[in-house]
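Student: Sharing a structure below in structure tokens format, with a few things to ask.
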Amino acid sequence: MKKGVSYFGVRNPKWVLEDMKEILACGYTHVLHTYSETDFSYYQETMEKIIQDSVDLGLKVYVNPWGIGRVFGGEAFSELVGKTPSMAQKTVDGAHKIAACPNQKAFRDYMHQWIEVVCKTSIETVFWDEPHFYFEKGNLENWACRCELCQSLFEKQYGYTMPQNLSHEVLEFRENSLLDFLKEMTYSVCQKGKRNSVCLLPYWFPAGIENWDKIAQIPYVDEISSDPYWEKTSSSEDAIKNYQYTSNKLFDLCQKYQKEAQIWIKNYHIVAGKENDIVNATKEAYLAGIRNIFAWSFRGSEYLSWLRSDNPELVWKTQCEALQNLK
């Protein structure tokens, strides 16, 4: 069984190594090291050492494009659009947003450079984390992307001008744009001898990929995951329900297409007294048949204050024991 946890924020290899020893001692087999634009620009050699040290200890390593271009999930800042405004996504009101458009060649070129660098390290897997278009919470009418390139591609494919409403055809176009982007990127990773894992946003997020079968049909994708995290105000019953539904859906999909299924357990923003939700979510994933379970993130996210759980030490202990108790 694969047991993993994400790790970010520390870039001193001496201290990272001590944390990796703790992760290993708790029974984890894998670690995900985030690899942001900042890491790509300023920490390449450092990240190479951090990854190698992790592997030398016996951990297998994932990396993800953390917050890159705001196309992927993560609390990392992105300056790509600031440097190259032409790659920006545009909303219906014509505004340039901070997110890069996955159809833009400049963004794809950047991602190929990122792949080239990370795949030269001793990683096992590239984790494509929550690929999505920009969206404003509570304002789906002002959607993206309506840049000139997207409008041109839409008209070429559908034979008429891209509408301003989020029509069925627009949703299909956005989904197919993400699929085309992922096909290109996962092929590049596969050619370099590394694995690809795609993490899909759960069904209640409006800007990701709804048809999971299309991802499973990409030949270069080895693994499909999801992260049905609950809100602070969610009931324990709702958390169980979402993990049960998502885990079973994911497992059935991966069985159908002979992919590996992975689920992520929430270890951040855990409200005091509700740590047992972690146990229940882990159990639901396991009961669904999933044998690849990761947690986000190390030690209850104790050192990123915006993500920190109320009792991060107890969150960490609870997740470690929940995984150790699986039989």
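Student: Do we have any residue at all in the stretch 166-186 that's charged (D, E, K, R) and more than 30 Å from Val117 (Cβ to Cβ)?
Tutor: yes
Student: Something else about it: Being assigned to a helix (DSSP H, G or I) and surrounded by fewer than 22 Cβ atoms within 10 Å (Cβ to Cβ) is true for just one of Lys327, Lys249, Lys232, Lys274. Which residue is that?
Tutor: Lys249
Student: In the stretch 270-312, which residues are acidic (Asp, Glu) and more than 21 Å from Glu75 (Cβ to Cβ)?
Tutor: Those that are acidic (Asp, Glu) and more than 21 Å from Glu75 (Cβ to Cβ): Glu275, Asp277, Glu284.
Student: Another one. For Thr29, which of the numbered conditions (1) over 28 Å from Ser78 (Cβ atoms); (2) touching a helix residue (DSSP H, G or I) at 6+ places or on another chain (Cβ under 9 Å) fails to hold?
Tutor: With respect to (1) over 28 Å from Ser78 (Cβ atoms); (2) touching a helix residue (DSSP H, G or I) at 6+ places or on another chain (Cβ under 9 Å), Thr29 is out only on (2).
Student: Okay, moving on. Mind checking which residues of the stretch 129-166 are among the hydroxyl-bearing types (Ser, Thr, Tyr) and within 30 Å of Ser6 (Cβ to Cβ)?
Tutor: The answer is Tyr134, and nothing else.
Student: State the number of residues belonging to the stretch 82-120 that are of a type in the set (S, T, N, Q) and surrounded by fewer than 20 Cβ atoms within 10 Å (Cβ to Cβ).
Tutor: Going through the stretch 82-120 one residue at a time, the tally reaches 3.
Student: Here's another thing I want to ask about it. For the subset of the stretch 245-278 comprising residues that are among the acidic types (Asp, Glu) and in contact with a helix residue (DSSP H, G or I) (Cβ under 8 Å, 6 or more places away or on another chain), which member is nearest to Trp204 (Cα to Cα)?
Tutor: So the first thing to find is which residues in the stretch 245-278 are among the acidic types (Asp, Glu), and the list is 252, 260, 275, 277.
This time we only want the ones that are in contact with a helix residue (DSSP H, G or I) (Cβ under 8 Å, 6 or more places away or on another chain), so: 260, 275, 277.
Working: Glu260: 23, Glu275: 23, Asp277: 20 Å.
Residue satisfying both the conditions and the ranking: Asp277.
Student: Please give the number of the condition Glu130 fails out of (1) crowded, with 17+ Cβ neighbours inside 10 Å; (2) on the phi < 0 side of the Ramachandran plot.
Tutor: (2)
Student: Could you please find all residues in the stretch 313-324 being surrounded by fewer than 16 Cβ atoms within 10 Å (Cβ to Cβ) and within 26 Å of Ala76 (Cα to Cα)?
Tutor: Correct list: Glu313 only.
Student: Which residue, of Glu18, Glu37, Glu22, Glu79, is modelled with pLDDT of 95 or more and crowded, with 17+ Cβ neighbours inside 10 Å?
Tutor: The conditions single out Glu37.
Student: Could you look through the stretch 187-210, keep only residues that are out of contact with any Ser or Thr (no Cβ under 7 Å at 6 or more places or on another chain) and without any contact (Cβ under 8 Å) to a residue 60 or more places away in the chain, and pick out the one that is surrounded by the most Cβ atoms within 10 Å (Cβ to Cβ)?
Tutor: Among them, the one singled out is Cys190.
Student: Would the stretch 155-169 turn up any residue that is small (Gly, Ala, Ser) and surrounded by 20 or more Cβ atoms within 10 Å (Cβ to Cβ)?
Tutor: No, the stretch 155-169 has no match at all.
The values are calculated or read from the model by the stated rules, or taken from the named source; none is laboratory data. Being a predicted model, the structure only gives us computed values, none of them experimental. With ideal geometry, Cβ positions are generated from the backbone for all residues, glycine too; neighbour counts draw on all protein chains shown.
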